[in-house]
Amino acid sequence: MEILHVSAECYPMAKAGGLADVVGALPKYQNKLGHVAKVVMPMHRTRFLYDNEWETVHKGSFSMGQFFYEFTVIKEKTNKLDFDLYCIDINGLLDREKIYGYDDDTERFTAFQIAVLEWLSRWEHRPDVVNVHDHHTALIPFMLRFCYNYHHLSNIPVTLTIHNAQYQGWMGWDKGVYLPAWDSWRWGLLEWDNTINPLACGIKCADKVNTVSPGYMEELMQEANGLEALFNYERGKCSGILNGIDYSVWNPKTDTYILDNFTEKDYEAGKLLNKKQLCKEFGFDFKLPLFIFIGRLVGEKAADLLPEAIIRAYAEHRDKFSFLILGSGDPSVEHELMLLNNRWIGYYNSRMEYNEKLSHQMYAGADFLLMPSRVEPCGLNQMYAMRYGTVPVVRRTGGLADTVKDYGEQNGYGICFNNASVEDILHSMRRALELYSETKKLNEVRLTMMQIKNSWEVSAQKYIDLYSSIQ
């Protein structure tokens, strides 16, 4: 089976969040199963682009409204990611360093999708399935079916994978002219709540829709930022497939980012050496329990609760723990967290940045990972943490509820709470401090979770089964 993944992100080419990790791993594991999986994405101006060799495989052009664009498709030459990676360049639109956050993102990603279909139209054969990811690519199912230019591609099955339904790509009807000529009788497939909604359109037009965890799909039936009724109506073609993690990247036995490699057999010594190095870098006492938060500092992650929770935790347990934060996002949250750097010198620090190497070192050296998310479609951080023997402290939502079992339950291995609130965070931190004081129990929890298999092998096969159901 030949699979074409279409995405705005793919690690290590360009990453803003978990979408990149999934698209950077799933095709690799599908190829291991004997299939041919490829990825096409925008040619963001990143270090990976400049550090690797590329070849031009196609040049084309198209009109988008009153604008005319030429585009180039390039391919990474060495197959270093274990799958074919293609990037599309459109001068003036996709030749930028950031993935998102521009005023013309609607134009950028609409043009990207059109370029993908223009390129696909020139293939000598047809892929067996196209897997589009999130709203940035969710207009493709509609365009394949109802734009006259692509009628010859209309029989290609399409799966839409939703990594985060909060972002839907809304665009005014004035932007409808950007789409290649389409059957105007089908306008209702584009519309949701009096606007063009690409994610809603993708849900309506794709052959199958999946989210990145079963729990998240169930949650979307109740809360989906306005799409609840649509998810319930389309329930028959919707499912959840839990993400895996790429063991070739996230493996304490082989990780080149960390000081000392370790396995389940020698994790105590390995984690201690990594913790000592991490604590030395930030001026912490390695004997104290170390909490970390890694991720986007946005409301979905409940990052706005962190400043008050940390202040109250230190008021209650002064000098009893250390806390390290790595992330970026809401400027006001960043500012509040940075202000705390000088308040508990030697016990607290924060880095407002994306730093892949430091994140690996934090997973390897920390004792507890805090994830109080309001929304967490799957979550990969908790799986990374477990792989490195760091206990996840998570709110029961979405994929967190699917992957973390409280250590108070039989064969449990994490700390779980119900509400995205300061009080629940504080209560969970108290439980974590208590667990840290019980060395034998802590080691049992660590060993249990390090032995859990969250690799992509099983999940990759579930995607293949999903594709097979629409052949």
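Readers should treat all values here as calculations from the given coordinates under stated rules, not as data from a laboratory. If you're wondering where the values come from, they're calculated on a predicted model, not measured in any experiment. Every residue, glycine as well, gets a Cβ built from its backbone with ideal geometry; the counts of neighbours run over all protein chains shown.
Numbers at a glance
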{"item": "Distant-in-sequence amide H partners of ARG45 (H built 1.01 Å from N, under 5 Å)", "result": "ARG96, GLU97"}
{"item": "Cβ-Cβ FRET estimate between GLU281 and LEU33, R0 fixed at 41 Å, reported to 0.05", "result": "0.50"}
{"item": "Rounded, prolate or oblate (a/c below 1.5 giving rounded, otherwise prolate when a/b exceeds b/c) for the range 267-450 by Cα gyration tensor", "result": "rounded"}
{"item": "Prolate/oblate/rounded call for the range 20-138, Cα gyration tensor, a/c under 1.5 rounded", "result": "prolate"}
{"item": "Additional length obtainable on full extension of the chain from LYS77 to SER63, 0.36 nm per residue less Cα span", "result": "2.1 nm"}
{"item": "DSSP-loop GluC sites (Glu not before Pro) across the range 1-99, with at most 12 other Cβ within 10 angstrom", "result": "GLU53, GLU97"}
{"item": "Amide H contacts under 5 Å for MET371, placed H, 5+ residues apart", "result": "VAL393, VAL394, ARG395"}
{"item": "Anisotropy class of the range 208-329 from Cα gyration tensor, a/c 1.5 cut", "result": "oblate"}
{"item": "Order of GLU376, GLU234, GLU124 - criterion: other Cβ atoms within 10 Å of each residue's Cβ, fewest first", "result": "GLU124, GLU234, GLU376"}
{"item": "Simple label model, 7 Å out from Cα along Cβ direction - ARG96 to GLN222, nm", "result": "3.7 nm"}
{"item": "Label point distance in nm, ILE345-ALA315, each placed 7 Å from Cα along Cα→Cβ", "result": "2.4 nm"}
{"item": "At R0 = 22 Å, FRET efficiency that the Cβ-Cβ distance of MET1 and TRP123 yields, to 0.05", "result": "0.90"}
{"item": "Neighbour-count order for VAL129, VAL458, VAL445, fewest beta carbons within 10 angstrom listed first", "result": "VAL458, VAL445, VAL129"}
{"item": "Percentage relative contact order, the range 280-433, counting C-alpha pairs under 8 Å, at least six apart", "result": "23 percent"}
{"item": "Gyration tensor (Cα) of the range 166-256, equivalent ellipsoid semi-axes in angstrom", "result": "32, 18, 12"}
{"item": "Nearest-20 debye value, the chain charge dipole, Cβ charges on Lys, Arg, Asp, Glu", "result": "940 debye"}
{"item": "Sorted by Cβ neighbour density within 10 Å, fewest at the top, the residues ASP367, ASP465", "result": "ASP465, ASP367"}
{"item": "Cα-based equivalent ellipsoid of the range 127-168: semi-axis lengths in Å, sorted from largest, via gyration tensor", "result": "21, 12, 5"}
{"item": "Karplus 3J(HN,Hα) series, Hz, for the range 321-329 with 6.51 cos²θ - 1.76 cosθ + 1.60 (x for Gly, Pro)", "result": "7, 10, 9, 10, 10, 10, x, 7, x"}
{"item": "Assigned charges on the beta-carbon of Lys, Arg, Asp, Glu; the range 1-159 dipole about Cα centre (debye)", "result": "280 debye"}
